[in-house]
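Student: Mind having a look at this structure? Questions to follow.
Coordinate-derived values only; no laboratory data. What you see is a predicted model, and the numbers here were worked out from it, not measured in a lab. Glycine also receives a Cβ, built like all others from the backbone with ideal geometry; neighbour counts cover every protein chain displayed.
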Amino acid sequence: MAREIHIQPITRIEGHASIQIQLDDAGEVRDARVNIMSLRGFEKFVEGKPAEEVPRIVSRICGICPWMHHLASNKAVDRCFGVTPPPAGQMLRELMQTIAHAEDKLLHFFFLAAADFVIGPDADYAVRNVIGIAKANPELAQKVVQMRYKAKMILEKFAGKAIHPVAGVVGGFAKPMTEADRQDILAQMRELLDFALFTLEFAKEKVFPPYLDAIQTLGVIRTGFMGTVDDDGALNLYDGKIRLMKPDGSCTDFDAQDYKDYLSEHVESHSYAKMPYAKAWNEGFSLDLDDPKGIYRVNTLARINVADKMATPRAQAELEEFRERFGRPAQATLLYHWARLIEEVYTCEHAIELLEDPEICSPQIRTTAEPKAGRGVGCVEAPRGTLIHDYSTDDEGCITRANLIVGTTHNIGPINMSVKQAAQSLIHDGKVDEGMLNRIEMAVRAYDP
Amino acid sequence: MFAALTAAVEGEAPELPGKSVCDTCPTIREGKGQLKALRRFLQSPHYGAPDEPLDKMRCFLEQGFLCMGPVTRAGCGGSQITPRCISARVPCRGCYGPVVHEGNQMVDMLNALASNGIDVHSLPEHVSLLRFSGAHRRLRPKRQRKEA
């Protein structure tokens with residue numbers, strides 16, 4: 001008998017979504033998809049607002065990564081008004097973003113993802129969660145909470161607000177860093193780096209090994225990738241060129257200002273979220289598992305794949321080991337977790353690099369701006385992928401049009417593909433159990449949507 | 001926050017501070033100045049060295065920058081802590097809601113500016129002054145303009 005299976009809501013993800021799996025008469029998966037039914041409306045209600053106010057409006061888009069929206073927005077407004085922040089202003093923005101990344105990755109790995117691996121995908125859902133982990137390993141859980149708290153409190157103590165930040169301003173940053181702040185944050189980031197290195201070792205020794213077979217099969221699809229790199233081809237989260245990689249590994253680099261020449265957005269009737277695709281490949285859009293068209297992925301695995309190297313030594317060593325084992329580009333969806341922990345090491349190392357440069361304490365942190373008509377694209381790498389804010393302003397410097405492509409949006413198509421792949425390989429003869437359904441959710445969780 | 005939770009558990013309405021953000025703001029106010037117009041937050045406010053404490057910086061409004069402190073309820077930084085945005089040297093935008101019960105932050109702010117002789121038309125727009133409150137009974141479909 002044909003029937004439909006719903007997983008609603010998908011748990012342990014940051015957003016809201018549900019999964020719909022259709023079985024045919026033989027009990028095989030005919031189709032599966034992810035429905036996203038939240039509508040935000042920010043593109044519309046920033047219209048008419050003074051552009052300099054927008055960075056503190058769009059920070060409300062997401063409570064998990066408000067810094068990313070805040071900074072992408074500031075970069076877009078800088079462009080509209082034609083101002084360039086002084087070096088220390090850029091560094092402070094980048095430092096805040098980097099620390100926010102460090103905190104976010106700990107949140108995802110330990111609080112959202114780890115239970116599937118540590119407690120096991122078939123365990124009762126009552127213990128397959130962060131509380132279950134805390135009971136199984138109270139010492140580690142305590143350390144995780146402390147470390148995440150530390151990162152959040154650096155942001156709050158220095159920038160006033162960790163959530164819904166306001167310290168990024170058009171032309172730079174609002175608050176200069178004192179030498180005492182610098183030394184204090186530096187010491188804390190060194191502790192966080194130690195913990196990042198510990199986490200990656202712990203994951204490589206204790207978390208991933210029993211799942212190496214699952215990693216090679218669950219939710220695996222073949223797509224292109226996109227991320228941001230600097231002039232040397234090294235992964236960069238704050239600024240650089242966007243690199244679009246085809247499934248065969250060939251790359252094109254472009255300036256974020258020209259994103260519309262390379263990307264386009266496809267609309268499906270079952271989801272409010274649009275599905276961006278690589279227009280520049282001239283092959284159209286298709287989510288066909290055997291022959292996808294125009295599909296690329298973003299977020300940690302994508303960034304690790306498109307980057308030629310990591311800019312910091314320990315993260316680079318980890319990347320080399322990763323590439324030796326899994327190749328480039330690595331396609332296995334569960335490797336997002338591994339890539340995330342490599343990025344965690346990078347963010348801590350990079351924050352330390354920024355803090356070791358005394359220039360960050362310069363009082364020159366903001367360039368005065370004048371409102372004017374213009375267009376600007378602001379782009380940063382959010383934890384969940386390449387984040388694009390595109391604004392146009394009128395002569396008064398008020399927003400006339402806004403287009404936002406949020407990190408996870410790029411991954412909506414690929415998430416649908418991974419879910420279908422997982423469902424097709426797990427469900428046969430109409431037999432479904434909770435462990436199977438949780439494994440399908442795991443294919444979604446890897447993307448950290 | 002803890003006090004609010006305790007009150008909720010005991011089935012009582014939490015007691016909110018009756019003060020405004022300005023009442024808890026450490027910046028210097030010298031009283032009514034010669035200010036006639038506001039300027040947009042497109043440049044740094046005046047302050048001294050990076051480590052100069054906030055109680056040596058002049059009030060944002062007196063420097064001519066819109067700050068919603070006068071009409072916004074205090075408490076965002078916790079008790080006896082500097083309001084959060086101010087501590088980043090950024091003016092308040094009112095996220096803690098109106099200081100008076102069921103107040104309208106936009107109307108109250110425009111009143112406060114006008115009664116101090118400040119031209120409210122110097123603001124590029126005023127709708128977003130009502131960013132965090134005032135939606136009660138006001139949400140309705142946008143009126144369609146009739147085709148000529």
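Student: Please list, in order along region B:12-22, the HN-Hα scalar couplings obtained from phi with the Karplus expression 6.51 cos²θ - 1.76 cosθ + 1.60 (θ = phi - 60°), rounded to whole Hz, x for Gly and Pro.
Tutor: Values, residue by residue: 10, 6, x, 8, 9, x, x, 8, 9, 4, 4 Hz.
Student: I've got another one for you. Remind me, relative contact order of chain A in percent, using alpha carbon pairs under 8 angstrom and six or more residues apart?
Tutor: Computed value for chain A: 26 percent relative contact order.
Student: How about region B:1-104: which trypsin sites (Lys or Arg not before Pro) there lie in a loop by DSSP and see at most 11 other Cβ atoms within 10 Å?
Tutor: For trypsin sites (Lys or Arg not before Pro) across region B:1-104 that sit outside H, G, I, E and B with at most 11 neighbouring Cβ atoms in 10 Å, the list reads B:32, B:36.
Student: Any of A:44/A:150; A:135/A:204; A:150/A:274; A:44/A:274 with alpha carbons more than 26 Å apart? Name them for me.
Tutor: Check vs 26 Å cut-off fails for A:44/A:150; A:150/A:274.
Student: Still on this structure: Return the ratio Rg/(2.2 N^0.38 Å) for region A:341-380, where Rg is computed over Cα atoms only.
Tutor: Computed over Cα atoms of region A:341-380, the ratio equals 1.78.
Student: Tell me the relative contact order for region B:16-133 as a rounded percent, counting alpha carbon contacts under 8 Å between residues six or more apart.
Tutor: 31 percent
Student: Return the Rg/Rh ratio of chain B with Cα-based radii and a Kirkwood Rh.
Tutor: So for chain B, dividing Rg by the Kirkwood Rh gives 1.03.
Student: Please list the radius of gyration and Dmax for the protein assembly as shown, considering alpha-carbon atoms only, with Å as the unit.
Tutor: That works out to 25.0, 82 Å for Rg and Dmax.
Student: To the nearest whole number, what is the average tally of beta carbon atoms from other chains within 10 Å of the beta carbons of peptide B:120-129?
Tutor: Taking all residues of B:120-129 together, the mean is 3.
Student: Once phi is turned into ³J(HN,Hα) by the Karplus curve 6.51 cos²θ - 1.76 cosθ + 1.60 with θ = phi - 60°, what whole-Hz value does each residue of region A:237-247 show in order, with x for glycine and proline?
Tutor: 9, 9, 7, x, 9, 8, 10, 10, 10, 6, x
Student: So which trypsin sites (Lys or Arg not before Pro) in region A:360-389 end up in coil per DSSP with only 15 or fewer other C-beta atoms within 10 Å?
Tutor: A:372
Student: Efficiency by 1/(1 + (r/R0)^6): what FRET value for residue B:49 and residue B:19, r their Cβ-Cβ distance, R0 = 41 Å, to the nearest 0.05?
Tutor: 0.85
Student: Now a separate question. Whole-Hz Karplus ³J(HN,Hα) for region A:226-233, in order, using 6.51 cos²θ - 1.76 cosθ + 1.60 and θ = phi - 60°, x for Gly and Pro?
Tutor: Per-residue couplings from phi come out as 9, x, 10, 10, 8, 4, 8, x Hz.
Student: Also, quick follow-up: Under the rule of -39500 (n - 2.57) per DSSP H run of 4 or more residues, summed and divided by the residues of chain A, what mean residue ellipticity at 222 nm is obtained, to the nearest 500 deg cm²/dmol?
Tutor: -13000 deg cm²/dmol
Student: Tell me, rounded to the nearest percent, the portion of alpha carbon pairs in region A:1-114 spaced more than 22 Å apart.
Tutor: Every Cα pair in region A:1-114 considered, those over 22 Å come to 55 percent.
Student: Less than 14 Å Cβ to Cβ from residue A:37, Lys/Arg counted +1 and Asp/Glu -1: what total charge do the surrounding residues give?
Tutor: +2
Student: Residues with amide H under 5 Å of residue A:385's amide H, sequence separation 5 or more or different chain, H placed in the peptide plane at 1.01 Å from N; which?
Tutor: Amide H neighbours of residue A:385: A:299.
Student: Which residues make up the longest stretch of chain A that has no chymotrypsin sites (Phe, Trp or Tyr not before Pro) in a DSSP loop with at most 14 other Cβ atoms within 10 Å?
Tutor: Answer from the scan: A:273-449.
Student: Using only Cα atoms, tell me the angle between helix A:66-81 and the longest principal axis of chain A; keep it within 0 to 90° and round to the nearest 10.
Tutor: Tilt of helix A:66-81: around 50 degrees.
Student: If R₀ is 45 angstrom, what is the calculated FRET efficiency for the pair residue A:156 and residue A:375, using the beta carbon separation as r and rounding to 0.05?
Tutor: Efficiency for this residue pair is about 0.85.
Student: Follow-up. At a threshold of 8 angstrom on Cα-Cα distance, excluding pairs fewer than six apart, so keeping six or more, what relative contact order does region A:1-129 reach in percent?
Tutor: It rounds to 14 percent for region A:1-129.
Student: Same structure, new question: Evaluate E = 1/(1 + (r/R0)^6) for residue B:8 and residue A:139, where r is the Cβ-Cβ distance and R0 equals 45 Å; express this FRET efficiency to the nearest 0.05.
Tutor: With R0 = 45 Å, the Cβ-Cβ based efficiency is 0.85.
Student: Roughly what would the spin-label model give for residue A:356 and residue A:270, points 7 Å off Cα along C-beta, in nm?
Tutor: 5.0 nm
Student: Further question: Longer than 23 Å from Cα to Cα, which of A:75/A:293; A:49/A:75; A:161/B:36; A:246/A:309; A:161/A:372 are they? Say none if no pair is.
Tutor: A:75/A:293; A:161/B:36; A:161/A:372
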